[in-house]
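Asker: Shown below is the structure under consideration.
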Amino acid sequence: MINRQLLNPNNIVVVGGSNDIQKPGGKVLKNLIDGKFKGEIFVSNPKETEVQGIKSYQNPEELPEVDLAIIAIAAKYCVSLIKTLAEEKNTRAFIILSAGFSEMGEEGKKIEDEIVSIINGVGGVLIGPNGIGVLTPNYHGVFTEPIPKMDTQGVDFISGSGATAVFILETGIARGLTFASIFSVGNSAQTGVEDILKHMDENFDPKTSPKVKLLYLENIDKPQILLKHASSLIRKGCKIAAIKAGSSDEGSRAASSHTGALASSDVAVDALFKKAGIVRCYGRSQLVSVASVFMQKEAKGKNFAIVTHAGGPAVMLTDALSKGGLNVPEIKNEYTKFLLDVLFPGSSVSNPIDFLATGTAEQLRTIIEFVNKKFEEIDAMVVIFGTPGLFKVFDAYKVLDEKLQISLKPIYAVLPSGMVAKEEVAEFVAKGNTYFPDEVVLGEALEKVYNTPKPAKIERNFSFADDEKIRQIMTESVNGYIEPVKVQQLLDSVGIPRVAEGVFTSKDTATQFMDETSYPVVMKVVGPVHKSDVGGVVLNVESNEELSITYDKLMKIPDAEAVLIQPMLSGLELFVGAKYEDGFGHLILVGLGGIFIEALKDVSSGLAPLNENEALTMIRSLKSYKILQGIRGQKGADENKLAEIMLRLSALLHFAPEIVELDLNPLLAEGEKIIAVDARMRVEKS
């Protein structure tokens, strides 16, 4: 539980404080002193009477009561120390910098667990162990550098890795980011990234709380807490970007369904981030670039003006924006000729607005004013301004600084001359500005921000579902794949349209079924999971004689239990599936079906329960979406009907959470008519 003692302590003790500032205990003490902590600082070191000018208590039992303990001693000594502080010194906040705990194995885990038990027993909070510490405007409780400029309206940054936090800070500080708080949770023995975000949400003040949050996650131990509080913060006006490391899934287990094979844990992370409204990033530079976009005014649309004195970067940025679905529209109205009159001959104002390498600071000022006041079709602008080194560009960067403060539209400053204009860039940053060193990186960051959906509304209108029937079937089912008849009943219970079919264990009853339907039919073996791989699917059976021969052939396949018969249908093959991912819940996937699911692997994923907008967004994000719309005279699929099937599947999973893998593959679509031809469901009640 995050508390006042951690965030704003009256006093701090550094246990293991040292005169050697190359040791964590020495450096964290120096950082506290240099950061001008307003409260009282104590030190405990059994070998010293004074450390960096501060009295050292050689025996922790001699310490006065203390709010926060920052601990930099060997793991084996921590239990007795923390017991003393928690039970005798009223200490309620602990930051353990030391390593040697659960990351080292079972013995370290035992020590860690005992420490957590002691701190929980007094209602305290633990950050760490094995982290770099905590930085707030109140105190600099880290043993690392750099120390960023702390600003109550800067960025809140929570990291699951200490070293990575340092590298992200270095990148961010260089680009002009300021920080409101930094939490390095280390092993997250008691308090993880999700817990700190929860505290920020529950204590959010729209007038004073920072509006930008950055996360670096190596594990997501509490996905539902992350989803709940990230989406809540974003609805309150915050913006959140995150890196989740470990996106490759080489260690994923083999799965028996298409959905199981496609829905890795990283797909679950992606789905969670989309549902919450978190912008997902894949590297430090990208995270910092997205944060820098967040720190500007929010664009009201997707039309950008590019203001530049160099043609090449403008072309590359135009390409990057266009690929991301953003526009660089031609500017053509009565004001363009007035702007052209004040620029040097050879300039262009059609967009990009190119005012040449000889362009002046005053011309830049005029262009920005025109974009703000005269070019109503433009929502935001990017200014690319470097230098070949012929003259200093302080005046141009001064104009940029002034306009950033008062511009009606967001301005994103690309300053590519990090070496030649080093002094000018440093002065621009010192005034509290952020910038981008690369126009394409900016374009990609803008695309990520623009294309990340807002937090999804959680809708559970499942009144159409026969929940009693679903629960009855689940009660009767055992672990493993559900028999076809029960699969049919489950589809019927939520109104997912399916082909009329029968499952037969005798040739006579199979032949009798043909009195109720007509040839041609499809015959499939029941039993083997991948029917087509064992020759268990036979198409275009057109007579009783063929049916009899095919029945005998299918029943000779190893593990054959029965034969399923259904009418031959045609149409565009689609796929909808689901998989349960521990902690996250059910993932729902959609894409082209049949052999395309294996060949193209073009699927979209979402976290159940879905709402209509989520389902439609998933469908429209498919690379094969144009095929669904109908292409070259071929009939496509009604996306609203497909979305409805996804919502009905969402209802089924709500009432039958024991379903861990599910394939509807294929669904055959002809316009508004979409029907499930084959379905498999696997149950795990444990």
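Every read-out reported here was derived from the displayed coordinates using simple, explicitly stated rules and does not represent laboratory data. The structure displayed is predicted, hence computed values, not measured ones. Backbone-built Cβ (ideal geometry, glycine too); neighbour counts: all protein chains shown.
Asker: Which entries in LYS524/LYS626; LYS553/LYS579; LYS213/LYS300; LYS55/LYS89 show an alpha-carbon gap greater than 27 Å?
Answerer: Over 27 Å Cα-Cα: LYS524/LYS626; LYS553/LYS579.
Asker: In nanometres, what is the gap between the two model label sites at LYS392 and LYS109, each 7 Å from Cα along Cα-to-Cβ?
Answerer: The answer from the label model is 6.1 nm.
Asker: Then there's this: Where in the stretch 624-686 are there GluC sites (Glu not before Pro) that are in a DSSP coil and have at most 12 other Cβ atoms within 10 angstrom of their Cβ?
Answerer: In loop regions of the stretch 624-686 (DSSP not H, G, I, E or B), the sparsely surrounded GluC sites (Glu not before Pro) are GLU672, GLU684.
Asker: Kirkwood-based Rg over Rh for the stretch 605-686 (C-alpha set), two decimals?
Answerer: Result: Rg/Rh = 1.01.
Asker: Still on this structure, please answer the following. Helix 544-555 sits at what angle to the longest principal axis of the chain, using alpha carbons and giving 0 to 90 degrees rounded to 10?
Answerer: The angle comes out near 50 degrees.
Asker: What does the C-alpha gyration tensor say about the overall shape of the stretch 361-400? Classify as rounded when a/c is under 1.5, otherwise prolate if a/b is larger than b/c, or oblate.
Answerer: prolate
Asker: By how many nm would the segment from ASP221 to GLU61 grow when fully extended, if each residue of separation counts as 0.36 nm and the alpha-carbon distance is taken off?
Answerer: 54.0 nm
Asker: For a footprinting-style exposure proxy, rank LEU356, LEU653 by other Cβ within 10 Å, fewest first.
Answerer: LEU356, LEU653
Asker: Let me ask another. Under 20 Å from a point placed 7 Å out from the Cα of ASN327 along the Cα-to-Cβ direction: which residues of the stretch 286-308 have their backbone N that close?
Answerer: 298-307
Asker: Considering only DSSP states other than H, G, I, E and B, which trypsin sites (Lys or Arg not before Pro) in the stretch 39-121 qualify as loop sites with at most 12 other Cβ atoms within 10 Å?
Answerer: Qualifying residues, ordered by number: LYS47.
Asker: Okay, next question. Which distance in nm do the two modelled labels at GLU672 and VAL529 give, with both placed 7 Å along the Cα-to-Cβ direction?
Answerer: 3.9 nm
Asker: I've got another one for you. Please give the contour-minus-distance gain from LYS641 to GLU427: 0.36 nm per residue of separation, less the Cα-Cα distance, rounded to one decimal in nm.
Answerer: Full extension from LYS641 to GLU427 adds 71.3 nm.
Asker: On to the next question. Mind scanning LYS36/LYS454; LYS332/LYS392; LYS38/LYS228; LYS244/LYS601 and naming the pairs with a C-alpha gap bigger than 30 Å?
Answerer: Violating the 30 Å limit, Cα to Cα: LYS36/LYS454; LYS332/LYS392; LYS38/LYS228.
Asker: Additional query: Please report Rg (one decimal) and Dmax (integer) in Å for the Cα set of the stretch 4-133.
Answerer: Calculated on Cα positions, Rg and Dmax stand at 13.5, 40 Å.
Asker: Now, a different point. Please determine, in degrees from 0 to 90 and to the nearest 10, the orientation of helix 467-476 with respect to the longest principal axis defined by the Cα atoms of the chain, where the helix direction is its Cα long axis.
Answerer: Result, in degrees: 80.
Asker: Next question. Taking the convex hull of the alpha carbon atoms in the chain, what volume per residue do you get, in Å³?
Answerer: For the chain, the hull spanned by Cα atoms encloses 187 Å³ per residue.
Asker: Okay, next question. Where both residues lie in the chain, what percent of DSSP beta bridges are antiparallel, nearest 5?
Answerer: DSSP beta bridges in the chain are roughly 50 percent antiparallel.
Asker: May I pose another question? Using only Cα atoms, find the angle between the long axis of helix 223-235 and the longest principal axis of the chain, and express it within 0 to 90 degrees, rounded to the nearest 10.
Answerer: Helix 223-235 sits at roughly 70 degrees to that axis.
Asker: If exposed means no more than 13 neighbouring beta carbons inside 10 Å and the site is in a DSSP loop, what's the longest run of the chain without any exposed chymotrypsin sites (Phe, Trp or Tyr not before Pro)?
Answerer: 1-281
Asker: Can you tell me, using C-alpha contacts under 8 Å and at least 6 residues apart, the relative contact order of the stretch 572-683 as a whole percent?
Answerer: With pairs under 8 Å counted, the relative contact order is 30 percent.
Asker: Could you tell me which of rounded, prolate or oblate describes the stretch 118-250, using a ≥ b ≥ c as the square roots of the eigenvalues of the alpha-carbon gyration tensor, with rounded for a/c under 1.5 and, failing that, prolate when a/b is larger than b/c and oblate otherwise?
Answerer: It is rounded, given that a/c, with a ≥ b ≥ c, falls under 1.5.
Asker: Under the classification rounded if a/c is under 1.5, otherwise prolate if a/b is larger than b/c and oblate if not, where does the stretch 311-358 fall, given a ≥ b ≥ c as square roots of the Cα gyration tensor eigenvalues?
Answerer: oblate
Asker: Using 0.36 nm times the number of residues separating VAL315 and SER686, minus their current alpha carbon distance, what extension gain do you get?
Answerer: 127.9 nm
Asker: ASN10 label point, 7 Å along Cα→Cβ, cut-off 18 Å on backbone N: hits in the stretch 80-94?
Answerer: From the stretch 80-94, the list is 85-94.
Asker: Over the chain, what is the relative contact order in whole percent, taking alpha-carbon pairs under 8 Å and six or more residues apart?
Answerer: 9 percent
Asker: Would you kindly calculate the mean projected area, averaged across all directions, of the convex hull enclosing the Cα atoms of the stretch 304-433, in square nanometres?
Answerer: Across all orientations, the stretch 304-433 yields a mean hull projection of 7.5 nm².
Asker: Further question: Kirkwood Rh and Cα-based Rg: tell me the resulting Rg over Rh for the stretch 412-527, rounded to two decimals.
Answerer: Looking at the stretch 412-527, the ratio lands at 1.45.
Asker: Pop out the Kirkwood hydrodynamic radius of the stretch 500-568 from its pairwise C-alpha distances, inverse of mean 1/r, in Å to one decimal.
Answerer: Mean inverse Cα-Cα distance, inverted, gives 11.6 Å.
Asker: Right, something else. So what is the 222 nm mean residue ellipticity for the chain from helices alone, if each DSSP H run of at least 4 adds -39500 (n - 2.57) and you divide by all residues, rounding to the nearest 500 deg cm²/dmol?
Answerer: Mean residue ellipticity at 222 nm (helix-derived): -10500 deg cm²/dmol.
Asker: With no solvent and one point on each alpha carbon, what is the Debye value of log10 I(q)/I(0) for the stretch 504-643 at q = 0.13, 0.14, 0.17, 0.21 Å⁻¹?
Answerer: -0.75, -0.83, -0.99, -1.11
Asker: Starting from the 7 Å offset along Cα-to-Cβ, what nm value, one decimal, do you get for the label separation of ALA361 and SER417?
Answerer: 1.3 nm
Asker: Expressed as a fraction of 2.2 N^0.38 Å, the rule-of-thumb size for a compact globular protein of N residues, what is the C-alpha radius of gyration of the stretch 330-400?
Answerer: 1.09
Asker: Find, among the trypsin sites (Lys or Arg not before Pro) in the stretch 622-686, those assigned to loop by DSSP (not H, G, I, E, B) with at most 13 other beta-carbon atoms within 10 angstrom.
Answerer: The qualifying sites are LYS623, ARG632, LYS635, LYS685.
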